[in-house]
Each structure stands twice: as structure tokens, then as C-alpha cells.
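Structure record follows, encoded as C-alpha cells.
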Amino acid sequence: MIFPSHRVRIMVATSPVDFRKGHDGLAALVKNELRKAPFTGTVFVFRAKRADRLKLLYWDGTGLVMAYKRLEEHSFTWPAVRDGLMTLTHAQFEALFAGLDWRRVRAVVARAPEAVE
């Protein structure tokens, strides 16, 4: 998937949303219900009621980008349905987007070297 940077935050709305909403409707939902700023460069991920579809909303600096994905035979692994947001790492997001169980993805932590030889 084309992704802007590994420094971009990924926030997942845990409750299903009305999938008839477009760019402006999802941006209003982010601002009014989730209490976040939709034009900061954060990627917001939304799911449909059946969890077989998801939408991404992202401000790239020049406009809102919305991506849509539907799984044909399965559903996305999703956190428990409740109001709010949760953050995913890039590796977890890539697993979610591929239809895999993102909860099994763990980041490898690497320490920065203290000195250069």
C-alpha cells in the first residue's frame, strides 16, 4: 500500500461508522465525535458494521485522501466495539489492511548505537 511515512500516526475508530459518509462526513466525525483534528496528517481508520470493509481518511497537505477496502471472503480483525480511538503501529496497520490478525504483530525494538567506530 502507498503510505506517506512511517512517522504518520494511525488511529482506529473502534465503533462502526455509516459507510455512506464521504470525505467531509468522516472529517466531521473525527472532529466532532472523536475530538481529534482531521487535518493534522494522522491516518484515521474506520470500519463498517459487518467488519468486511474499511475506510482510511488522511490529510496529505493538499487535500483529504480517502481509501476504501473490502475483503471478499473474510472480515477484518477488529478491536472490541466501544466508543473511542486506539493507535496502531505501522506493522499492525499493514497486517490489518492485509486482512491478517494485527494483534499478533509485535515490533522489534532496536537500540540506537551509542558510538560510531
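The values are calculated or read from the model by the stated rules, or taken from the named source; none is laboratory data. Keep in mind the model is a prediction, meaning the values are calculated, not measured. All Cβ positions, glycine included, derive from the backbone under ideal geometry; neighbour counts span all protein chains shown. The protein model used for the area step is the full one, side chains on, heavy atoms only, and it has no ligands, DNA or RNA in it. Shrake-Rupley method; radii C 1.70, N 1.55, O 1.52, S 1.80 Å.
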Self-check item: Pick from region 37-66, criterion in contact (Cβ under 8 Å) with a residue 40 or more places away in the chain and farther than 15 Å from residue 88 by Cβ, ranking: least open to solvent (accessible area, probe 1.4 Å)
Solution: 64
Exercise. Determine which single condition residue 73 fails, assuming it passes every other condition in (1) in contact with a helix residue (DSSP H, G or I) (Cβ under 7 Å, 6 or more places away or on another chain); (2) assigned to a loop (DSSP other than H, G, I, E, B); (3) not polar (S, T, N, Q).
Key: (1)
Quiz item: What are the residue pairs meeting all of these: first residue in region 85-98, first residue under 14 Å from residue 71 (Cα atoms), second residue open to solvent by less than 30 Å² (accessible area, probe 1.4 Å) and of a type outside the set (Lys, Arg), Cβ atoms under 6 Å, and 6 or more apart or on different chains?
Solution: 95/102; 96/102
Practice problem: Among residues belonging to region 101-117 that are assigned to a loop (DSSP other than H, G, I, E, B) and open to solvent by 100 Å² or more (accessible area, probe 1.4 Å), point out the one that is farthest from residue 79 (Cα to Cα). | Solution: 117
Quiz item: Taking interchain pairs and intrachain pairs at least six residues apart, which have beta carbon atoms under 6 angstrom, with the first residue in region 8-20 and modelled with pLDDT of 90 or more and the second among the aromatic types (Phe, Trp, Tyr)?
Solution: 10/93; 11/44; 13/46; 17/46
Self-check item: One residue from 90, 23 being in contact with a Gly (Cβ under 9 Å, 6 or more places away or on another chain) and surrounded by 12 or more Cβ atoms within 10 Å (Cβ to Cβ)
Solution: 23
Quiz prompt | In region 10-25, the residues that are outside any loop (DSSP other than H, G, I, E, B) and touching a strand residue (DSSP E or B) at 6+ places or on another chain (Cβ under 9 Å) | solution = 10, 11, 12, 13, 23, 24
Quiz item: Is there a residue being of a type in the set (Gly, Ala, Ser) and at pLDDT below 85 anywhere in region 67-90?
Solution: yes
